[in-house]
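Structure record follows, encoded as C-alpha cells.
The values are calculated or read from the model by the stated rules, or taken from the named source; none is laboratory data. Since this is a predicted model, take the numbers as computed values, not measurements. So basically every Cβ, Gly included, is an ideal-geometry build from the backbone, and we count neighbours across all protein chains shown.
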Amino acid sequence: MKNIFLKSTLFSLVFLFFACSDTDVITDQVFEDTTTGGILRTLESTTDLPIGLADTGVELLLEVQDEEDGDLSDFIEVYASFRHITGGGANDRDEVLLKTVPNSEWTYGERLPRALVTATLPELQAALSLGDDDFTGGDRFIIRVELVFKDGRRFSDYNSSATVLGNLFFASPFVYNANVTCVVPEESFLGSYTVTAAGPGVNGLQVWEVGTVVTLVAEGGPTRRSFDIQHIPSAGVGQDPTTFAFDLVCGNVNIAANQSTGLQCTSGLFYGPAPSGNTGSYNAGDDSSITFIFTDNAEGDCDEAPQNVTATLTKN
C-alpha cells in the first residue's frame, strides 16, 4: 500500500502541475489531504542580517492558503530565537513571540491574500535581550511563523506533513534561518582618504606621514580594501609606495599578514596583524573614518623589535 500511495501521489502532482496554475495546484493538493488546513507559501524571502545596517533584515512575503482562499485565517504569529554558533551556544536564546501580523494588514494578489513579515536586527536584539557584543557574523536567528485560524486552530512546522514542509511546490517551511553577516556595502570605504593620525614604528620613525592622501580600492573579495602608501618617508631613501591591505569584518579591521613595506636591512620590513590580537575598527553604516592597529616590522628586521602602530584614515 505504501508504494501504491507514493506512485499515486506522484502521478497526481504531475497531472495537476500541467493541468492547472501553480497556485491552483498547491491549494487543491493541500485540501485533498486536509479539509481545513492552512499553509503559508513563501513567495519571496530575504534572510541575511548584516551587522551595522539597521534598516535591513529578514523580509518574507507569504501567501496565505486555506480552504476558503484565506477567509478562514485570522493572523500570523512571528516567533524568534537565537543560536550563538560562534560562541558554542553560550548566548543562545529560547523562542519568544516577536510580533503578530493581522489579516487587516494583508494584501491580495490574483486570488489569495499575502502577508509581509519583517524583522530587523535591532528588533530581534530587543526581543531576545541581546547586546551588540552577544553575537557576530556566523551566528543565527531563527524565525518561525504560525498561521492562526479564526476558530483558534494553528498551523506551523510542528503539525505539518513532510510534504508541505519540504515540497518545492508548497514552499511552506514555516521556519527560516536568518544568518548574521558582515556585508560591507559595495560603495562604502572607497575613494580618497587622508592619513589623520599615525603612530611611530621602527626606531620611533613615523610609519605614515600625516596628511598623506590615499585612494582605497576593493580588490581580493567583498570585505577586502587596500591602498598604496610610502612607508617611513622620513627614511629619505625615496622608495616607491607599496600596497597596504586589510579586511572589514564585523566592525574589526583585520590586517593582512606578510605585507612588504618596500624597506629592508636583510630580510625585509613587513606589515602584519598586531601580536596582541587587537584590531582596528570601522562602522558599517558610516565610512567617514577607519582606525588601524597593526605591526610594523613584523619579522624583526634591522635588529629592531616589531612595533605596534595605530593609525587613522579620514574620508575626504
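So, in region 290-313, exactly how many residues are part of a strand (DSSP E or B) and over 16 Å from F244 (Cα atoms)?
1
Is it the case that T86 is surrounded by fewer than 18 Cβ atoms within 10 Å (Cβ to Cβ) and either within 30 Å of V253 (Cβ to Cβ) or touching a Phe, Trp or Tyr at 6+ places or on another chain (Cβ under 6 Å) (or both)?
yes
Only one of these is modelled with pLDDT under 95 and either touching a Lys or Arg at 6+ places or on another chain (Cβ under 9 Å) or not assigned by TED's automatic domain parsing to the domain that holds A298 (or both): A198, A119, A178, A127. Name it.
Criteria check complete, one pass: A178.
State all residues of region 70-97 that are under 20 Å from the mean Cα position of the chain (by Cα), under 15 Å from V117 (Cβ atoms) and either among the small types (G, A, S) or not in a strand (DSSP E or B) (or both); if no residue qualifies, say none.
Listed by number, the list holds a single entry, A80.
Report, ordered by the first and then the second residue, all pairs with beta carbons closer than 8 Å, sequence separation of six or more or different chains, a first member in region 302-313 that is over 23 Å from Y282 (Cβ atoms) and in contact (Cβ under 8 Å) with a residue 60 or more places away in the chain, and a second member that is surrounded by 17 or more Cβ atoms within 10 Å (Cβ to Cβ) and of a type outside the set (D, E, K, R).
Within 8 Å, the pairs are C302/V202; C302/L269; E304/V202; E304/N297.
Got a sec? Which strands (runs of 3 or more DSSP E) wholly within region 165-270 have at least 3 residues that are under 25 Å from T314 (Cβ atoms) and polar (S, T, N, Q)?
Fully inside region 165-270 and qualifying: 191-198.
Cβ contacts < 9 Å: first residue small (G, A, S), restricted to region 85-114; second residue assigned to a helix (DSSP H, G or I), any location; separation 6+ or different chain. Result?
Note: pairs meeting the criteria are G87/D134; A90/D134; G109/T23.
Restricting region 207-236 to residues that are modelled with pLDDT of 90 or more, of a type outside the set (D, E, K, R) and within 30 Å of the chain's Cα centre (by Cα), which is nearest to A197 (Cα to Cα)?
V214
Output the residues belonging to region 264-283 that are hydrophobic (A, V, I, L, M, F, W, C), modelled with pLDDT of 85 or more and within 16 Å of P241 (Cβ to Cβ).
Listed by number, the list holds a single entry, F270.
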